[in-house]
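As structure tokens, the structure follows; a few thoughts come after it.
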Amino acid sequence: MDRLLTGLQPSGTLTIGNYAGGISQIVNYQSDYETFLFIPDMHAITVPQDPEALHRNIINAIAMYIACGVNPDLPNMHIYIQSENLYHANLSWIFECHTPHGELTRMHQFKAKSALHETFTEGLVTYPDLMAADILLYDAKYVPTGIDQKQHVELARNIAIRFNNRYGELFAIPEPLIPSIGAKIRDLQNPEQKMSKSTTNPKASIFLSDPEKVIRKKIMSAVTDSDGVIKFDEENKPGVSNLLTIYSVFTGSSIEDAVAKFEGGGYGDLKKAAADAVVEKLMPMQEKYNDIINSGRINEILDAGRDYSNKIAAEKYEKVRKAVGFGRI
Ligand code: AQP
């Protein structure tokens, strides 16, 4: 079975963007691939985190994956916490020593996140090396992701190719898997930007744990435009296109069908239908989420994932260690 790998940072509460770009893809592909689904807590601390909140977000994220349809009982599903596998940090260091600084500071996400803070840590710069280690340790063939992380997967590819050329065949070359609809769910208040879990605007993101009333209110107050025409044009009509995308992701319809359904109508009807679609999907997930949190199963799932991921990562790290000349022969 080919391998698929992805992780969602526990840097806050997961959003419908994380669902569209990450979780829904894992659910779709989980029967076809050996799946490595990890919680990148080490990535989360590239910006300041409250330790208590970080612990909570890790457990909540796992419960939410399962509530969204990830099946932890599949023998080919491995769910684990990044910091419980020390090989990620070890391999990342080796990659950091092989990646030119300029290649890292050119990354879109580094530029966007560093601009938000007066100072930033070196971890924010080297984040893509750690992400390359996350992927390459497992010879993952596919990395499901939204559009925002595509550049990081491309860097992981470049690192793998460079290492293979310099040290002999060590790594499989990964490919990003970008969904055709929902690769970039936009911020509801500033649709030029993507929706993020760490937003400071309380109306910008829909969280997977939002109550029904809140979801409806956020979507009904989403920023659109003043020309009153419903069409899909992400450049000139990002707010309306975002509502069409959200409707499509949560109903499973194509963008063309969504446009055909709403064109000629008002924005209010589109917003109401998008809110109905999100509510219909999220309410049962939230019920399941509460059952999982109360089930006491999460530790058992994480222990199994930790042990398996360490076994696979140890084999790869040993090969890399020898290739770069570390330790004794
Ligand atoms: N708005 C989005 N639309 C589609 N996909 C998205 N993803 C994130 N935002 C959107 C995808 O979700 C997966 C997990 O992302 P992440 O949590 O590891 O990091 P991120 O991309 O930085 O996500 P956030 O929500 O914006 O987190 P913060 O606010 O902490 O930076 C990835 O596949 C990502 O593409």
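The values are calculated or read from the model by the stated rules, or taken from the named source; none is laboratory data. Remember, it's a predicted structure, so these values are computed and weren't measured experimentally. Virtual Cβ from ideal backbone geometry, glycine too; neighbours counted across all protein chains shown.
One residue alone among Lys141, Lys197 is near the ligand (Cβ under 8 Å from one of its atoms), in contact (Cβ under 8 Å) with a residue 60 or more places away in the chain and either crowded, with 21+ Cβ neighbours inside 10 Å or not hydroxyl-bearing (Ser, Thr, Tyr) (or both), and that residue is Lys197.
Do we have any residue at all in the stretch 116-133 that's in the same structural domain as Ile301 (by TED's automatic domain parsing) and within 24 Å of Asn294 (Cα to Cα)? First the steps, then the outcome.
Initially, the stretch 116-133 is screened for residues in the same structural domain as Ile301 (by TED's automatic domain parsing), giving 116-133.
Going one step further and asking which of them are within 24 Å of Asn294 (Cα to Cα), we end up with none.
Checked the stretch 116-133: no residue is in the same structural domain as Ile301 (by TED's automatic domain parsing) and within 24 Å of Asn294 (Cα to Cα).
Report yes if some residue within the stretch 49-60 is in a strand (DSSP E or B), touching a strand residue (DSSP E or B) at 6+ places or on another chain (Cβ under 6 Å) and surrounded by 17 or more Cβ atoms within 10 Å (Cβ to Cβ); otherwise report no. Within the stretch 49-60, none of the residues are in a strand (DSSP E or B), touching a strand residue (DSSP E or B) at 6+ places or on another chain (Cβ under 6 Å) and surrounded by 17 or more Cβ atoms within 10 Å (Cβ to Cβ). Consider Ile23 carefully, then state whether it is touching a Cys at 6+ places or on another chain (Cβ under 6 Å) and either assigned by TED's automatic domain parsing to the domain that holds Thr121 or not β-branched (Val, Ile, Thr) (or both). Judged against the criteria, Ile23 is a match. Looking across Glu192, Glu175, Glu235, one residue alone is in the same structural domain as Gln82 (by TED's automatic domain parsing) and not aromatic (Phe, Trp, Tyr). It is Glu175.
I'm trying to understand the selection: among the residues of the stretch 180-194, which are in contact (Cβ under 8 Å) with a residue 24 or more places away in the chain and more than 8 Å from the ligand (Cβ to nearest atom)? Walk me through how you get there before you give the answer.
Within the stretch 180-194, the first condition is being in contact (Cβ under 8 Å) with a residue 24 or more places away in the chain, and the residues that meet it are 181-186, 188-192, 194.
Ile181, Leu188, Gln189, Asn190, Pro191, Glu192 - these are the residues of the stretch 180-194 that are in contact (Cβ under 8 Å) with a residue 24 or more places away in the chain and more than 8 Å from the ligand (Cβ to nearest atom).
When residues in the stretch 200-216 are screened for being away from the ligand (no atom under 14 Å from the Cβ), without any contact (Cβ under 8 Å) to a residue 24 or more places away in the chain and surrounded by 14 or more Cβ atoms within 10 Å (Cβ to Cβ), 2 of them pass.
Considering only residues in the stretch 94-129 that are without any contact (Cβ under 8 Å) to a residue 12 or more places away in the chain and part of a helix (DSSP H, G or I), the one that is surrounded by the most Cβ atoms within 10 Å (Cβ to Cβ) turns out to be Ser114.
Please go through the stretch 254-311 and pick out each residue that is over 27 Å from Ile58 (Cα atoms), assigned to a loop (DSSP other than H, G, I, E, B) and either hydroxyl-bearing (Ser, Thr, Tyr) or in contact (Cβ under 8 Å) with a residue 40 or more places away in the chain (or both). Once the filter is applied, which keeps residues that are over 27 Å from Ile58 (Cα atoms), assigned to a loop (DSSP other than H, G, I, E, B) and either hydroxyl-bearing (Ser, Thr, Tyr) or in contact (Cβ under 8 Å) with a residue 40 or more places away in the chain (or both), the stretch 254-311 yields only Ser254.
One residue alone among Ser24, Ser31, Ser11 is touching a residue at least 60 places away in the same chain (Cβ under 8 Å) and more than 8 Å from the ligand (Cβ to nearest atom), and that residue is Ser24. Put simply, of Tyr19, Tyr65 the only residue that is in a helix (DSSP H, G or I), within 9 Å of the ligand (Cβ to nearest atom), under 21 Å from Phe250 (Cα atoms) and at pLDDT 95 or above is Tyr19.
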